[in-house]
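> This is the structure I want to talk about, given as structure tokens.
What follows draws every value from the coordinates through simple rules; no lab data is involved. Note that the structure is a prediction, hence the values are computed from the model and not measured. Note: ideal-geometry Cβ built from the backbone for every residue, glycine included; neighbour counts use all protein chains shown.
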Amino acid sequence: MTGRNLRVELEGQPVMGVQLLEHLVLLFKIDKSQIPRWFDGKTIFFWGTIYCSWGDENQQYVEYLYFNFEANEYYRGYRYLDHPEGFDKDCPAVISVPPKYTNLPEEEVDESHKEEPSYDDGYML
């Protein structure tokens with residue numbers, strides 16, 4: 001799937017942006033046990049922030065993180081929306097899930113999140 005098609009498909013979803021990416025990089029440096037294990041070996045894309053390159057091409061791109069826990073390293077990069085390989089099931093997008101959809105026991109769910117969440121992250125173009 002092309003990045004442009006995926007972007008349209010993700011419209012209206014609470015996708016996470018580079019603020020979370022920055023936070024995860026700091027966590028990895030301080031205490032990688034705080035990073036979800038399923039991130040290990042995956043390239044995670046942060047569609048909440050779309051960048052636009054300057055120059056003749058003026059292409060849009062999205063940032064990603066790749067974690068390798070065994071080697072104790074991470075890679076931060078970006079992929080153009082028009083990348084020839086596109087985006088597939090191995091390119092997950094990080095989406096915010098309200099607490100009511102987590103597997104926490106009911107008494108552990110923070111009641112302050114009951115109102116509709118606000119998704120002010122938006123796109124940067």
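> Test of understanding: ordering I30, I95, I50 by Cβ neighbours within 10 Å, fewest first, what list do you get?
With the fewest neighbours first, I30, I95, I50 line up as I30, I95, I50.
> Taking 0.36 nm per intervening residue step and subtracting the Cα-Cα distance, what contour gain separates Y75 from Q19 on full extension? Spell out each step's value before the answer.
Working: separation 56, 0.36 × 56 = 20.16 nm, distance 1.62 nm.
Working it through step by step, the gained length comes to 18.5 nm.
> Can you compute 3J(HN,Hα) from phi for each residue in the stretch 39-45, using the Karplus curve 6.51 cos²θ - 1.76 cosθ + 1.60 with θ = phi - 60°, rounded to whole Hz and x for Gly and Pro?
6, 4, x, 10, 9, 9, 9
> If you project the alpha carbons of the stretch 3-97 onto their three principal axes, what span does each projection cover, largest first, in Å?
Projected onto the principal axes, the Cα atoms of the stretch 3-97 cover 39, 30, 23 Å.
> Of P36, C91, V8, whose Cα points farthest to the positive end of the dipole of the stretch 3-97 (charges on the beta-carbon: +1 Lys, Arg; -1 Asp, Glu; origin at the Cα centre)?
Most positive-ward Cα: P36.
> Which order results if L21, L27 are arranged by neighbouring Cβ count within 10 Å, fewest first?
Working: L21 19, L27 13.
Arranged by neighbour count, lowest to highest, L21, L27 become L27, L21.
> For the stretch 1-106, which chymotrypsin sites (Phe, Trp or Tyr not before Pro) are both in a DSSP coil and crowded by at most 14 other Cβ atoms within 10 Å?
Details: sites: F28, W38, F39, F45, F46, W47, Y51, W54, Y61, Y64, Y66, F67, F69, Y74, Y75, Y78, Y80, F87, Y101; in loops: W54, F69, F87.
Qualifying residues, ordered by number: W54.
> Through the Karplus equation 6.51 cos²θ - 1.76 cosθ + 1.60, θ set to phi - 60°, convert the phi angles of the stretch 23-36 into ³J(HN,Hα) values in whole Hz; use x for Gly and Pro.
Listing the rounded values in order: 5, 5, 4, 5, 4, 4, 6, 8, 7, 5, 5, 7, 8, x Hz.
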